[in-house]
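Peer 1: Sending over a structure as structure tokens; questions will come in a sec.
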Amino acid sequence: MKKDETRKILLDDIDNFRLKAKYYESLRLFEAAKYAGNLASNLELALTTMPSDDDPEIS
């Protein structure tokens with residue numbers, strides 16, 4: 001799997017976790033909403049350091 005494919009999957013996961021966080025909030029499941037929101041934020045942070053397929057490899 002290429003890095004850009006992985007990036008696309010992670011972006012979809014981030015959107016999914018943000019949607020779940022809103023759903024959990026609507027059910028008054030605040031701890032679950034907080035967890036889903038934090039998970040989405042952590043994935044976003046990881047994406048900031050992930051190189052694309054066009055970037056040269058670091059030795």
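Peer 1: Using the Cα centre of the chain as the reference point, and only Cβ charges (+1 on K/R, -1 on D/E), how large is the resulting charge dipole? Debye, rounded to the nearest 20. List each step's numbers first, then the result.
Peer 2: Values: 9 positive and 12 negative charges, 92 e Å.
With Lys and Arg at +1 and Asp and Glu at -1, about 440 debye.
Peer 1: How big is the convex hull of the Cα atoms of the chain, per residue, in Å³? If you can, show how the numbers build up before the last one.
Peer 2: Values: hull volume 4.2 nm³, N = 59.
That works out to 72 Å³ per residue.
Peer 1: Follow-up. Rounded to whole Hz and in sequence order, give me ³J(HN,Hα) for the stretch 14-19 from the Karplus expression 6.51 cos²θ - 1.76 cosθ + 1.60, θ = phi - 60°, writing x for Gly and Pro.
Peer 2: Result, rounded to whole Hz: 4, 4, 5, 5, 5, 5.
Peer 1: Between residue 4 and residue 45, what is the FRET efficiency for a Förster distance of 25 Å, r being their Cβ-Cβ separation, to the nearest 0.05?
Peer 2: 0.85
Peer 1: Moving on. Can you tell me the relative contact order of the chain? Whole percent, Cα pairs under 8 Å, sequence separation 6 or more. Write out the running numbers ahead of the final one.
Peer 2: Values: 40 pairs, mean separation 25.6, N = 59.
Computed over the chain, the figure is 43 percent.
Any read-out appearing in this document is the output of simple, stated calculations on the displayed coordinates, not a laboratory observation. Computed from a prediction, not measured in an experiment: that's the story for all the values here. Cβ: placed from backbone, ideal geometry, glycine included. Neighbour counts: every protein chain shown.
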